[in-house]
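> Below you will find the structure I want to go over with you.
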Amino acid sequence: MNLRHEADRVRAGARLSRAESHELFGSTLVEGADQEALADLLVALAERGETVDEIIGGAQALRDAMLPFDHGVPEAVDTCGTGGDGLGSFNLSTAASLVAAAAGARVVKHGARSVSSKCGSADLLEAAGVCLELSPEQARRVFDEVGLVFLFAPAFHPAMRFVAPVRQRLARRTIFNYLGPLCSPGRVKRQLLGVGVEAQLAPYAQALSALGAERAYVVHGAGGADELTLAGPNQVISVGNVPAPDFDAQDLGLAAASVEALAGGEAADNLALLHAVLSGQAGPLRDAVLLNASATLVVAAVCTSAIEGLERARTAIDSGAARRVLEDLVSASQLAGGGAQ
(Lines give C-alpha, C1' and ligand atoms only; values in the text may rest on other atoms or scores of the structure.)
Protein backbone atom coordinates (compact mmCIF):
# COMPACT_ATOMS: atom_id res chain seq x y z
CA MET A 1 0.00 0.00 0.00
CA ASN A 2 1.51 3.32 -1.11
CA LEU A 3 1.51 5.83 1.73
CA ARG A 4 1.60 8.88 -0.54
CA HIS A 5 -1.28 7.59 -2.65
CA GLU A 6 -3.39 6.87 0.43
CA ALA A 7 -2.61 10.27 1.94
CA ASP A 8 -3.81 11.93 -1.27
CA ARG A 9 -6.94 9.75 -1.28
CA VAL A 10 -7.81 10.74 2.27
CA ARG A 11 -7.21 14.41 1.54
CA ALA A 12 -9.62 14.06 -1.39
CA GLY A 13 -12.29 12.74 0.98
CA ALA A 14 -11.80 8.96 0.98
CA ARG A 15 -12.55 7.01 4.14
CA LEU A 16 -10.34 4.04 4.89
CA SER A 17 -11.89 0.68 5.64
CA ARG A 18 -10.81 -1.11 8.79
CA ALA A 19 -8.60 -3.44 6.74
CA GLU A 20 -7.08 -0.55 4.77
CA SER A 21 -6.29 1.36 7.96
CA HIS A 22 -4.75 -1.76 9.50
CA GLU A 23 -2.47 -2.28 6.52
CA LEU A 24 -1.65 1.40 6.06
CA PHE A 25 -0.67 2.12 9.65
CA GLY A 26 1.23 -1.12 9.81
CA SER A 27 3.38 0.25 7.00
CA THR A 28 4.16 3.39 9.05
CA LEU A 29 5.41 1.52 12.12
CA VAL A 30 8.63 0.42 10.43
CA GLU A 31 11.87 2.10 9.52
CA GLY A 32 11.91 3.97 6.21
CA ALA A 33 8.28 5.08 5.93
CA ASP A 34 7.75 8.27 3.90
CA GLN A 35 7.67 10.91 6.65
CA GLU A 36 6.19 13.70 4.53
CA ALA A 37 3.41 11.45 3.27
CA LEU A 38 2.75 10.29 6.83
CA ALA A 39 2.49 13.89 8.01
CA ASP A 40 0.03 14.68 5.22
CA LEU A 41 -2.03 11.60 6.08
CA LEU A 42 -2.19 12.41 9.79
CA VAL A 43 -3.22 16.02 9.16
CA ALA A 44 -5.82 15.04 6.55
CA LEU A 45 -7.37 12.50 8.92
CA ALA A 46 -7.38 14.95 11.82
CA GLU A 47 -8.94 17.75 9.79
CA ARG A 48 -11.65 15.48 8.39
CA GLY A 49 -12.13 13.54 11.61
CA GLU A 50 -11.00 9.94 12.04
CA THR A 51 -13.70 7.29 11.62
CA VAL A 52 -14.22 4.44 14.04
CA ASP A 53 -13.01 1.94 11.43
CA GLU A 54 -9.85 3.97 10.86
CA ILE A 55 -9.18 4.02 14.60
CA ILE A 56 -9.84 0.29 14.97
CA GLY A 57 -7.56 -0.51 12.03
CA GLY A 58 -4.82 1.70 13.45
CA ALA A 59 -5.17 0.00 16.83
CA GLN A 60 -4.88 -3.41 15.19
CA ALA A 61 -1.65 -2.29 13.52
CA LEU A 62 -0.19 -0.98 16.78
CA ARG A 63 -1.21 -4.18 18.58
CA ASP A 64 0.61 -6.20 15.93
CA ALA A 65 3.79 -4.18 16.56
CA MET A 66 3.78 -3.99 20.37
CA LEU A 67 5.73 -6.18 22.78
CA PRO A 68 3.19 -8.61 24.24
CA PHE A 69 2.76 -8.96 27.98
CA ASP A 70 1.57 -12.45 28.89
CA HIS A 71 0.01 -12.10 32.33
CA GLY A 72 -2.09 -15.26 32.29
CA VAL A 73 -5.08 -13.64 34.04
CA PRO A 74 -8.25 -13.42 31.91
CA GLU A 75 -9.95 -11.13 34.44
CA ALA A 76 -7.13 -8.54 34.46
CA VAL A 77 -8.32 -4.93 34.17
CA ASP A 78 -6.76 -1.69 32.88
CA THR A 79 -7.65 1.92 33.73
CA CYS A 80 -5.82 3.61 30.85
CA GLY A 81 -7.69 6.64 29.48
CA THR A 82 -7.13 9.20 26.77
CA GLY A 83 -5.83 12.11 28.82
CA GLY A 84 -6.11 15.39 27.01
CA ASP A 85 -8.94 16.93 29.01
CA GLY A 86 -6.81 19.99 29.78
CA LEU A 87 -7.92 20.17 33.42
CA GLY A 88 -4.63 19.31 35.10
CA SER A 89 -6.38 17.03 37.57
CA PHE A 90 -4.78 14.70 40.08
CA ASN A 91 -4.09 11.20 38.73
CA LEU A 92 -7.39 9.66 39.78
CA SER A 93 -7.23 6.54 37.61
CA THR A 94 -3.70 5.74 38.78
CA ALA A 95 -4.66 6.08 42.42
CA ALA A 96 -7.84 4.09 41.75
CA SER A 97 -5.81 1.27 40.22
CA LEU A 98 -3.81 0.94 43.45
CA VAL A 99 -6.98 0.89 45.53
CA ALA A 100 -8.69 -1.59 43.21
CA ALA A 101 -5.68 -3.91 43.37
CA ALA A 102 -5.78 -3.75 47.15
CA ALA A 103 -9.48 -4.64 47.01
CA GLY A 104 -8.90 -7.76 44.94
CA ALA A 105 -8.67 -6.73 41.29
CA ARG A 106 -5.75 -7.88 39.16
CA VAL A 107 -4.59 -4.69 37.45
CA VAL A 108 -2.45 -4.34 34.31
CA LYS A 109 -2.11 -0.55 34.21
CA HIS A 110 -0.91 0.84 30.89
CA GLY A 111 0.20 4.45 30.66
CA ALA A 112 2.73 7.09 29.75
CA ARG A 113 3.92 10.52 30.71
CA SER A 114 1.78 13.64 30.79
CA VAL A 115 -0.43 14.63 27.87
CA SER A 116 -2.54 17.51 29.19
CA SER A 117 -1.27 18.07 32.72
CA LYS A 118 2.02 18.49 34.52
CA CYS A 119 1.99 14.90 35.74
CA GLY A 120 0.93 11.74 33.90
CA SER A 121 0.61 8.27 35.38
CA ALA A 122 4.22 7.42 34.59
CA ASP A 123 5.45 10.70 36.08
CA LEU A 124 3.59 10.03 39.33
CA LEU A 125 4.69 6.42 39.72
CA GLU A 126 8.28 7.27 38.84
CA ALA A 127 8.24 9.96 41.53
CA ALA A 128 7.01 7.29 43.96
CA GLY A 129 10.03 5.15 43.08
CA VAL A 130 8.46 2.71 40.63
CA CYS A 131 10.86 1.38 37.98
CA LEU A 132 9.24 2.11 34.62
CA GLU A 133 11.60 0.39 32.20
CA LEU A 134 10.66 -3.25 32.60
CA SER A 135 10.87 -6.07 30.07
CA PRO A 136 7.81 -8.30 29.66
CA GLU A 137 9.50 -10.94 31.82
CA GLN A 138 10.35 -8.44 34.56
CA ALA A 139 6.83 -7.03 34.44
CA ARG A 140 5.39 -10.52 34.85
CA ARG A 141 7.41 -11.02 38.04
CA VAL A 142 6.06 -7.75 39.43
CA PHE A 143 2.49 -8.64 38.48
CA ASP A 144 2.70 -12.10 40.00
CA GLU A 145 4.02 -10.67 43.27
CA VAL A 146 1.90 -7.52 43.63
CA GLY A 147 -1.27 -8.17 41.66
CA LEU A 148 -0.66 -4.91 39.81
CA VAL A 149 1.91 -3.85 37.26
CA PHE A 150 2.54 -0.64 35.35
CA LEU A 151 3.36 -1.09 31.67
CA PHE A 152 5.21 2.02 30.48
CA ALA A 153 3.95 2.64 26.95
CA PRO A 154 7.29 3.61 25.34
CA ALA A 155 8.86 0.37 26.61
CA PHE A 156 6.13 -1.81 25.13
CA HIS A 157 5.49 0.11 21.91
CA PRO A 158 9.00 0.44 20.42
CA ALA A 159 7.62 0.82 16.88
CA MET A 160 6.18 4.19 17.86
CA ARG A 161 9.71 5.57 17.57
CA PHE A 162 9.30 5.44 13.79
CA VAL A 163 6.42 7.95 13.88
CA ALA A 164 7.69 10.05 16.80
CA PRO A 165 9.58 12.64 14.69
CA VAL A 166 6.48 13.41 12.61
CA ARG A 167 4.25 13.62 15.66
CA GLN A 168 6.68 15.96 17.39
CA ARG A 169 6.94 18.15 14.30
CA LEU A 170 3.18 18.37 13.84
CA ALA A 171 2.66 19.19 17.54
CA ARG A 172 -1.05 18.37 17.36
CA ARG A 173 -3.34 15.50 18.27
CA THR A 174 -3.47 12.83 15.57
CA ILE A 175 -4.95 9.37 15.26
CA PHE A 176 -2.02 8.01 17.27
CA ASN A 177 -3.35 9.84 20.33
CA TYR A 178 -6.50 7.75 20.10
CA LEU A 179 -4.72 4.41 19.97
CA GLY A 180 -2.95 4.11 23.33
CA PRO A 181 -6.01 3.21 25.46
CA LEU A 182 -6.97 0.56 22.88
CA CYS A 183 -3.55 -1.08 22.82
CA SER A 184 -2.72 -2.55 26.19
CA PRO A 185 0.30 -4.84 25.80
CA GLY A 186 -1.61 -7.20 28.09
CA ARG A 187 -4.57 -7.30 25.67
CA VAL A 188 -6.88 -6.95 28.65
CA LYS A 189 -10.54 -7.77 28.12
CA ARG A 190 -11.75 -5.55 30.96
CA GLN A 191 -11.21 -1.81 31.08
CA LEU A 192 -12.28 1.48 32.62
CA LEU A 193 -11.52 3.93 29.81
CA GLY A 194 -11.94 7.65 30.41
CA VAL A 195 -12.27 10.10 27.53
CA GLY A 196 -11.68 13.83 27.72
CA VAL A 197 -14.19 14.74 25.00
CA GLU A 198 -17.85 13.74 25.15
CA ALA A 199 -17.95 12.98 21.42
CA GLN A 200 -15.37 10.22 21.96
CA LEU A 201 -17.65 8.11 24.17
CA ALA A 202 -19.44 6.15 21.46
CA PRO A 203 -16.43 5.70 19.14
CA TYR A 204 -14.30 4.27 21.94
CA ALA A 205 -17.11 1.98 23.04
CA GLN A 206 -17.46 0.70 19.47
CA ALA A 207 -13.71 0.26 19.15
CA LEU A 208 -13.38 -1.64 22.43
CA SER A 209 -16.18 -3.97 21.39
CA ALA A 210 -14.62 -4.59 17.98
CA LEU A 211 -11.24 -5.29 19.58
CA GLY A 212 -12.61 -7.96 21.88
CA ALA A 213 -13.46 -6.23 25.17
CA GLU A 214 -15.71 -8.38 27.35
CA ARG A 215 -16.44 -5.90 30.16
CA ALA A 216 -15.79 -2.16 29.98
CA TYR A 217 -17.08 1.26 30.91
CA VAL A 218 -16.21 4.24 28.73
CA VAL A 219 -16.63 7.33 30.88
CA HIS A 220 -16.65 11.11 30.54
CA GLY A 221 -16.72 12.90 33.85
CA ALA A 222 -18.92 15.81 34.81
CA GLY A 223 -16.99 19.02 34.25
CA GLY A 224 -15.23 17.66 31.17
CA ALA A 225 -12.83 15.20 32.81
CA ASP A 226 -11.50 11.93 31.42
CA GLU A 227 -12.29 10.25 34.75
CA LEU A 228 -15.37 9.98 36.95
CA THR A 229 -15.83 13.14 39.01
CA LEU A 230 -18.00 14.52 41.80
CA ALA A 231 -19.22 17.56 39.84
CA GLY A 232 -22.54 16.14 38.60
CA PRO A 233 -23.89 13.32 36.45
CA ASN A 234 -21.11 11.35 34.79
CA GLN A 235 -21.62 9.95 31.31
CA VAL A 236 -20.94 6.23 30.98
CA ILE A 237 -21.34 3.75 28.11
CA SER A 238 -21.26 0.05 28.93
CA VAL A 239 -19.47 -2.49 26.75
CA GLY A 240 -20.14 -6.19 27.09
CA ASN A 241 -21.51 -8.00 30.10
CA VAL A 242 -21.34 -5.36 32.84
CA PRO A 243 -24.04 -4.06 35.19
CA ALA A 244 -25.88 -0.90 34.18
CA PRO A 245 -23.68 2.04 35.20
CA ASP A 246 -24.65 3.87 38.40
CA PHE A 247 -21.65 6.06 39.08
CA ASP A 248 -23.18 9.45 39.86
CA ALA A 249 -21.44 10.58 43.03
CA GLN A 250 -24.39 12.20 44.78
CA ASP A 251 -26.63 9.17 44.20
CA LEU A 252 -23.97 7.12 45.97
CA GLY A 253 -23.78 9.41 48.99
CA LEU A 254 -20.57 11.22 48.01
CA ALA A 255 -20.46 14.99 48.48
CA ALA A 256 -20.51 17.15 45.37
CA ALA A 257 -17.26 18.90 44.46
CA SER A 258 -16.04 20.87 41.48
CA VAL A 259 -13.38 19.56 39.13
CA GLU A 260 -11.16 22.33 40.48
CA ALA A 261 -11.22 20.51 43.83
CA LEU A 262 -9.48 17.61 42.07
CA ALA A 263 -6.60 19.70 40.75
CA GLY A 264 -3.09 18.33 40.71
CA GLY A 265 0.31 19.81 40.08
CA GLU A 266 3.84 18.66 39.39
CA ALA A 267 4.85 15.06 40.07
CA ALA A 268 6.06 15.86 43.59
CA ASP A 269 2.79 17.62 44.39
CA ASN A 270 0.71 14.72 43.13
CA LEU A 271 2.83 12.22 45.02
CA ALA A 272 2.09 14.10 48.24
CA LEU A 273 -1.62 14.05 47.37
CA LEU A 274 -1.44 10.32 46.63
CA HIS A 275 0.19 9.59 49.97
CA ALA A 276 -2.48 11.68 51.70
CA VAL A 277 -5.31 9.77 50.00
CA LEU A 278 -3.75 6.38 50.70
CA SER A 279 -3.21 7.40 54.32
CA GLY A 280 -6.95 8.00 54.72
CA GLN A 281 -7.22 11.78 54.43
CA ALA A 282 -10.86 12.71 53.83
CA GLY A 283 -12.02 15.09 51.11
CA PRO A 284 -12.90 15.34 47.43
CA LEU A 285 -9.75 13.58 46.21
CA ARG A 286 -10.43 10.54 48.36
CA ASP A 287 -14.07 10.43 47.24
CA ALA A 288 -13.15 10.71 43.56
CA VAL A 289 -10.56 7.95 43.93
CA LEU A 290 -13.17 5.78 45.66
CA LEU A 291 -15.63 6.39 42.81
CA ASN A 292 -13.12 5.43 40.11
CA ALA A 293 -11.91 2.45 42.10
CA SER A 294 -15.51 1.30 42.48
CA ALA A 295 -16.03 1.39 38.71
CA THR A 296 -12.79 -0.54 38.24
CA LEU A 297 -13.90 -3.20 40.70
CA VAL A 298 -17.25 -3.61 38.92
CA VAL A 299 -15.55 -3.92 35.52
CA ALA A 300 -13.17 -6.48 37.00
CA ALA A 301 -16.17 -8.43 38.35
CA VAL A 302 -14.79 -8.21 41.88
CA CYS A 303 -18.00 -6.35 42.81
CA THR A 304 -21.49 -6.36 41.35
CA SER A 305 -22.54 -2.78 42.14
CA ALA A 306 -21.11 0.68 42.66
CA ILE A 307 -22.18 0.65 46.32
CA GLU A 308 -20.33 -2.61 46.95
CA GLY A 309 -17.32 -1.24 45.07
CA LEU A 310 -17.26 1.88 47.23
CA GLU A 311 -17.28 -0.18 50.41
CA ARG A 312 -14.49 -2.45 49.18
CA ALA A 313 -12.46 0.60 48.12
CA ARG A 314 -12.95 2.32 51.49
CA THR A 315 -11.79 -0.77 53.30
CA ALA A 316 -8.75 -1.05 51.04
CA ILE A 317 -7.67 2.47 51.97
CA ASP A 318 -8.64 2.49 55.64
CA SER A 319 -6.97 -0.87 56.34
CA GLY A 320 -3.71 0.35 54.83
CA ALA A 321 -3.87 -2.27 52.06
CA ALA A 322 -3.80 0.30 49.24
CA ARG A 323 -0.74 2.00 50.72
CA ARG A 324 0.97 -1.39 50.94
CA VAL A 325 0.22 -2.09 47.28
CA LEU A 326 2.12 1.06 46.32
CA GLU A 327 5.01 0.11 48.60
CA ASP A 328 5.07 -3.41 47.15
CA LEU A 329 4.94 -2.07 43.59
CA VAL A 330 7.93 0.17 44.26
CA SER A 331 10.05 -2.56 45.84
CA ALA A 332 9.08 -5.31 43.38
CA SER A 333 9.65 -3.12 40.31
CA GLN A 334 13.02 -1.93 41.58
CA LEU A 335 14.09 -5.49 42.29
CA ALA A 336 12.89 -6.72 38.89
CA GLY A 337 14.38 -3.74 37.08
CA GLY A 338 17.78 -4.05 38.69
CA GLY A 339 17.88 -1.31 41.29
CA ALA A 340 16.41 1.92 42.61
CA GLN A 341 15.40 4.73 40.31
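The values are calculated or read from the model by the stated rules, or taken from the named source; none is laboratory data. These numbers were taken from a predicted model, which means no experiment stands behind them. In this analysis, Cβ positions are derived from the backbone assuming ideal geometry, glycine residues included, and neighbour counts consider all displayed protein chains.
> Among V149, V142, V108, which is the only one that is in contact with a Gly (Cβ under 6 Å, 6 or more places away or on another chain), in the same structural domain as E327 (by TED's automatic domain parsing) and not in a loop (DSSP other than H, G, I, E, B)?
After applying the criteria, what remains is V108.
> Still on this model: Of A276, A301, which residue is closer than 18 Å to L92 by Cβ and of a type in the set (G, A, S)?
Step by step, each of A276, A301 is checked, and only A276 is closer than 18 Å to L92 by Cβ and of a type in the set (G, A, S).
> Can you confirm whether E36 is outside the structural domain of A14 (by TED's automatic domain parsing) and farther than 27 Å from A202 by Cβ?
No; evaluated as a whole, the condition is false for this residue.
> Given (1) more than 30 Å from E31 (Cβ to Cβ); (2) β-branched (V, I, T); (3) not assigned by TED's automatic domain parsing to the domain that holds N292, where does V130 come up short, assuming only one miss?
(3)
> Ok, one more. Residues in the range 181-193: is at least one part of a helix (DSSP H, G or I), in contact (Cβ under 8 Å) with a residue 24 or more places away in the chain and not β-branched (V, I, T)?
Checked against the condition, which is being part of a helix (DSSP H, G or I), in contact (Cβ under 8 Å) with a residue 24 or more places away in the chain and not β-branched (V, I, T), the range 181-193 yields at least one hit.
> Would you be able to say whether some residue in the range 134-141 is crowded, with 20+ Cβ neighbours inside 10 Å, within 30 Å of V242 (Cβ to Cβ) and within 16 Å of the chain's Cα centre (by Cα)?
no
> List the pairs whose first member sits in the range 24-48 and is of a type in the set (D, E, K, R), whose second member is surrounded by fewer than 18 Cβ atoms within 10 Å (Cβ to Cβ) and part of a helix (DSSP H, G or I), and whose Cβ atoms are under 7 Å apart, counting only residues at least 6 apart or on separate chains?
Qualifying pairs under 7 Å: E31/F162; D34/R4; D40/R11.
> Checking G72 against (1) surrounded by fewer than 19 Cβ atoms within 10 Å (Cβ to Cβ); (2) under 20 Å from A207 (Cβ atoms), which single condition isn't satisfied?
Every listed condition holds for G72 apart from (2).
> Residues to consider are E47, E126; find the one that is more than 30 Å from A12 (Cα to Cα) and surrounded by fewer than 22 Cβ atoms within 10 Å (Cβ to Cβ).
Just a single option satisfies the conditions, and that option is E126.
> Quick check on this structure: which one of A222, A207 is over 26 Å from H22 (Cβ atoms) and either touching a Pro at 6+ places or on another chain (Cβ under 6 Å) or hydrophobic (A, V, I, L, M, F, W, C) (or both)?
Criteria check complete, one pass: A222.
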